[in-house]
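Working notes, beginning with the structure itself.
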Amino acid sequence: MFFGTYTPRLDDKGRLFLPAKFRDELTEGLVVTRGQERCLYVWSMEEFGKLTERLREAPVTNRGARDYVRMFFAGASDEKPDKQGRITIPPMLREYASLSRECVVIGAMNRVEIWDADSWQSYSNEQEQAFADLSEEVFPGVI
């Protein structure tokens, strides 16, 4: 499980240090994809495999499912962290997420998310009250 917030920097070659706490689960390889809200999702190979199996169940006759699968997989990149724990974010994905030098990496349960620092701050500010208001509505009886 991934959790926490970290602030690594993207270097000039498009490489990003993964937080040390995340490296063990991602050391054998990972997949970086487009995420919602213009962030990037980082999946362990195991989680990406599970997700792929679920997406295979979507009917190919459903246009929304086809569109989602196309965008999701066309933007996917398999990566392997180097010995220092860095991954290279491909230019297309850096552009999609508007990544600049300052990044925020968060743990989001079964995935890691990479955000441009300003985008994360804006999103976080917008969601703060909704987070407080929705906990009972979205997860009744859980919290």
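The values are calculated or read from the model by the stated rules, or taken from the named source; none is laboratory data. Nothing here was measured: the structure is a model prediction, and the numbers come from that model. Heads up, the Cβs are rebuilt from the backbone with ideal geometry, glycines too, and the neighbour counts pull from every protein chain shown. Ligands, DNA and RNA are stripped out before the accessible areas are found, and what is left, the full protein with its side chains, is counted by its heavy atoms. Shrake-Rupley method; radii C 1.70, N 1.55, O 1.52, S 1.80 Å.
Remarks
- Summed over all non-identical Cα pairs, the Kirkwood treatment of segment 81-123 gives a radius of 11.3 Å.
- The relative contact order of the chain, computed from alpha carbon pairs under 8 Å that lie at least 6 residues apart in sequence, is 36 percent.
- Accessible surface calculations at 1.4 Å, restricted to protein heavy atoms, place the chain at 64 Å² per residue.
- Phi-derived couplings, Karplus 6.51 cos²θ - 1.76 cosθ + 1.60 at θ = phi - 60°, listed residue by residue for segment 97-114: 8, 6, 5, 10, 4, 7, 10, 10, 10, 10, x, 10, 6, 9, 8, 10, 10, 10 Hz, with x used for Gly and Pro.
- Distance between modelled label sites at Lys21 and Val69, nm, 7 Å Cα→Cβ extension: 3.6
- The calculated pair-distance distribution of the chain uses every alpha carbon pair, bins of 10 angstrom beginning at 0, and gives 11, 38, 34, 16, 1 percent.
- Residue by residue, segment 23-30 carries 3J(HN,Hα) couplings of 5, 4, 6, 10, 4, 7, x, 7 Hz when phi is fed to the Karplus relation 6.51 cos²θ - 1.76 cosθ + 1.60 (θ = phi - 60°); x denotes Gly or Pro.
- Gain on full extension, evaluated as 0.36 nm per residue between Phe131 and Glu28 minus their Cα-Cα distance, stands at 33.7 nm.
- Net length gained if the chain between Thr7 and Arg101 were fully extended (0.36 nm per residue, minus Cα distance): 32.8 nm
- In segment 1-84, the alpha-carbon atoms span a convex hull of 115 Å³ per residue.
- Placing +1 on each Lys and Arg Cβ and -1 on each Asp and Glu Cβ, with no other charges, gives segment 24-143 a dipole about its Cα centre of roughly 640 debye.
- Between segment 1-58 and segment 60-80, the C-alpha centres lie 16 angstrom from each other.
- Rounded percent of accessible protein surface that carbon and sulfur make up, the chain, 1.4 Å probe: 52
- Other residues whose C-beta falls under 12 angstrom from the C-beta of Phe73 contribute a net charge of +2, scoring Lys and Arg +1 and Asp and Glu -1.
- In this structure, Arg38 and Gln84 have a Cβ-Cβ separation that, at R0 = 30 Å, corresponds to a calculated FRET efficiency of about 0.65.
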